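Written out below as structure tokens is the structure these notes cover.
We did not get these values from a lab; they are worked out from the coordinates using the rules stated. Small disclaimer: the values here were computed from a predicted structure and weren't measured. Neighbour counts are summed over all protein chains in view; Cβ atoms, including those assigned to glycine, are modelled from backbone coordinates with ideal geometry.
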Amino acid sequence: MQKRILNYRIIIEPEKMGRKTVYNAYCPTLGVADYGDSIDEALKSIKDGIELAIECMKDEGKEIPMDNTEEQVVITTKVKAPPDARIVVV
């Protein structure tokens with residue numbers, strides 16, 4: 001049996017929890033989220049969650065969505081803020 005490889009976009013962001021930083025991981029296509037104490041841990045956790053979500057969708061006879069990573073563009077941009085704006089890093 002041949003295994004098919006599915007590609008998903010994952011967003012990983014740090015979050016301060018007291019003195020500690022954890023890393024939140026999110027897969028927008030599947031709506032799966034998890035976290036870890038490091039980026040590697042967060043990535044491992046979200047991959048486990050994605051595999052579980054896919055298995056559940058398969059068992060329920062649902063179609064499994066997949067990102068078209070070949071055509072997606074993920075980018076950031078810089079814009080000027082008004083001089084008196086109160087800025088907070090999120």
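Within the range 14-44, the set of residues being within 10 Å of the chain's Cα centre (by Cα), hydroxyl-bearing (Ser, Thr, Tyr) and in a strand (DSSP E or B) comprises Tyr26, Tyr35. The residue list Met66, Met57 contains one member that is on the phi < 0 side of the Ramachandran plot, among the aliphatic types (A, V, I, L, M) and assigned to a loop (DSSP other than H, G, I, E, B), which is Met66.
In the range 73-88, the residues that are under 25 Å from Lys16 (Cβ atoms) form Cβ pairs under 8 Å with partners that are of a type outside the set (A, V, I, L, M), at six or more places apart or across chains, as follows: Val74/Arg9.
Annotation note: of Glu15, Glu41, Glu55, Glu63, the sole residue that is acidic (Asp, Glu), surrounded by 12 or more Cβ atoms within 10 Å (Cβ to Cβ) and free of Cβ contacts under 8 Å to residues at least 24 places away in the same chain is Glu41. Against the criterion of being surrounded by 10 or more Cβ atoms within 10 Å (Cβ to Cβ), without any contact (Cβ under 8 Å) to a residue 12 or more places away in the chain and in a loop (DSSP other than H, G, I, E, B), Lys47 does not qualify.
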